[in-house]
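Okay, so here's the structure we're looking at.
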Amino acid sequence: MTTQDALTDVPGMRVGHAQRAGAGHPGWLTGTTVVLAPEGGAVAGVDCRGGGPGTRETDALDPRNVVERIHAVVLTGGSAFGLDSASGVVSWLEEQGRGVQVGPDPAQVVPVVPAAVLFDLGRGGRWQARPGPELGREAVEAAAATGPGSPVPQGNVGAGTGAVVGGLKGGTGTASTVLPSGVTVAAIAAVNAAGSAVDPATGVLYGEMWDGLPPVPDGGVHAQAQRRLAEAREETGRRAAGVLRPPLNTTLAVVATDAALTRAQAQKTAGTAHDGLARAVRPVHLMHDGDTVFSLATCERPLAEGELNDVLAASADVLTRSVTKAVLAAEGVDGPGGVFPSYRDVYERRD
């Protein structure tokens, strides 16, 4: 079976990005990512472990509450302002007749769209540049326009457009795996953290330590990278009125599977996936992070006895790889809001 090593390897899941950055959008460096569930929706869970979250509709995912399935998840920049982008997704879903049926007319639906935000305000140079309903609609329309199993763009796209991790440019990354039973588990992450993705002693990405050690940068390359990163941080502090101390960040992720999970099992999956984030970024879950992981299950494949543990372990593994792929796919930014070099640039990696 051909896979994209992406969230869209879970049948029925679609991903769309929308962003504003570069010469065509002066002052902007932000975006929105939408994970669009199949038309029947998906069982969902959430686990927020950061001390500064910005979220919408997460209480609806509590297994004790009434909502059985959700229809999309929004990951977005813009801090609390960016929650407005979910409104554009809700409006689009309503137009498609997708949501919880609340009246006799088929058009009487209420879409359930949980959302979470990361902090990227001012990184493009303009504090007021943040996602709104129009960017949310653009992202969900992009998701709907993709075919089954489509590749997912990574790096400076969607919610990862303005992301930064430990002073390096962060971004969006995605990964998947197929269990021996045929169950697929996948993740997508927008990596934006106060902590670092890089071992300070060697320059190796933490996330790669769990998948066989990559070549270690030689001492000269590592020293040069550390100097360049220190200079970028200093220059960013001079340029950017929008950069706050202490840093405000947040890594966001969605893990998905075609396994048949209960709502309680989906919530457990979201929690276990955080272990994968902790492998790839250190430290995590700080008071000024809002680290949040959603989980989605399409419930197309029954779980064999004991297989839930395999799904839980895989959710952490694919999130680790998603973070690593986000950092490797990111491209450096040098703009009015700051200097954010990429990992590949400072460590001269071309693989």
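Accessible area per residue for the stretch 146-283 in Å², computed with a 1.4 Å probe and the full protein assembly in place, what is it?
That works out to 37 Å² per residue.
From Cα pairs below 8 angstrom and at least 6 apart in sequence, can you work out the relative contact order of the chain, rounded to a whole percent?
Across the chain, relative contact order equals 25 percent.
When the helix-only estimate is applied to the chain (DSSP H runs of n ≥ 4, each -39,500 (n - 2.57), divided by the residue count), what is the mean residue ellipticity at 222 nm, nearest 500 deg cm²/dmol? Write out the running numbers ahead of the final one.
On the way: 6 runs with 91 residues, N = 351.
The helix contribution divided over the chain gives -8500 deg cm²/dmol.
In nanometres, what is the gap between the two model label sites at residue 94 and residue 238, each 7 Å from Cα along Cα-to-Cβ?
5.0
Taking a point 7 angstrom from the Cα of residue 141 along the C-beta vector, which residues in the stretch 70-111 have backbone N less than 17 Å away?
The answer is 85-97.
Measure nothing fancy, just the Cα-based angle from helix 307-329's long axis to the longest principal axis of the chain, in degrees from 0 to 90, nearest 10.
So the helix axis and the longest Cα principal axis differ by about 40 degrees.
Run the simple label-point estimate for residue 331 and residue 202 please: 7 Å along Cα→C-beta, distance reported in nm.
3.1
Tell me the label-point distance for the pair residue 60, residue 351, using the 7 Å Cα-to-Cβ offset, in nm and rounded to one decimal.
Calculated label separation equals 4.4 nm.
Taking a temperature of 4 °C and a viscosity of 1.567 mPa s, what whole-number D in µm²/s does Stokes-Einstein yield for the stretch 210-349 with Rh from Kirkwood over alpha carbon pairs? Intermediate results must be reported in sequence, preceding the final value.
Numbers: Rh = 17.5 Å.
Once the numbers are plugged in, D ends up at 74 µm²/s.
Please report the equivalent ellipsoid semi-axes of the chain, computed as sqrt(5 x eigenvalue) of the Cα gyration tensor, largest first, in whole Å.
On the way: eigenvalues 201, 112, 53 Å².
In descending order the semi-axes read 32, 24, 16 Å.
Rg(Cα) of the stretch 154-287 divided by 2.2 N^0.38 Å? Intermediate values should be presented prior to the final figure.
Values: Rg = 17.0 Å, N = 134, 2.2 N^0.38 = 14.1 Å.
This ratio for the stretch 154-287 stands at 1.20.
Starting from the Cα-Cα distance between residue 226 and residue 264, subtract it from 0.36 nm times their residue separation and give me the gain in nm to one decimal. Kindly include the intermediate steps, with their values, before the conclusion.
Working: separation 38, 0.36 × 38 = 13.68 nm, distance 4.38 nm.
Separation in residues times 0.36 nm, less the Cα-Cα distance, equals 9.3 nm.
Could you order the peptides 308-318, 291-301, 91-101 from most to least packed, using the average number of other C-beta atoms within 10 Å per residue?
Working: 308-318: 21.1, 291-301: 25.6, 91-101: 16.6.
Answer by packing, highest mean first, reads 291-301, 308-318, 91-101.
Please compute the per residue accessible area over the stretch 1-93 with all protein chains in place, 1.4 Å probe, rounded to a whole number of Å². Walk me through the numbers on the way to the answer.
Values: 3610 Å² over 93 residues.
So the stretch 1-93 comes to 39 Å² accessible per residue, rounded to a whole number.
Restricting to the stretch 7-344, what percent of DSSP beta bridges are antiparallel, rounded to 5? Write down the numbers at each step before the final one.
On the way: 46 of 57 bridges.
For the stretch 7-344, the DSSP antiparallel bridge percentage is about 80.
Any chance you could look up the accessible area of residue 90 with a 1.4 Å probe, heavy atoms only, rounded to 10 Å²?
30
From the convex hull of the Cα coordinates of the stretch 54-148, what is the mean projected area in square nanometres?
On the way: hull surface 28.6 nm².
One quarter of the hull surface, i.e. the mean projection, equals 7.1 nm².
When the accessible area of the stretch 7-344 is computed with all protein chains present and a 1.4 Å probe, what percentage of it is carbon and sulfur? Write down the numbers at each step before the final one.
On the way: 6740 of 12770 Å².
The computed percentage sits at 53.
The values are calculated or read from the model by the stated rules, or taken from the named source; none is laboratory data. As the structure is a prediction and not an experimental result, all values here were calculated from the model. As a convention, Cβ positions derive from the backbone with ideal geometry for all residues, glycine included, and neighbour counts pool all protein chains shown. Ligands, DNA and RNA are excluded from the accessible area calculation, which covers all protein heavy atoms including side chains. Shrake-Rupley method; radii C 1.70, N 1.55, O 1.52, S 1.80 Å.
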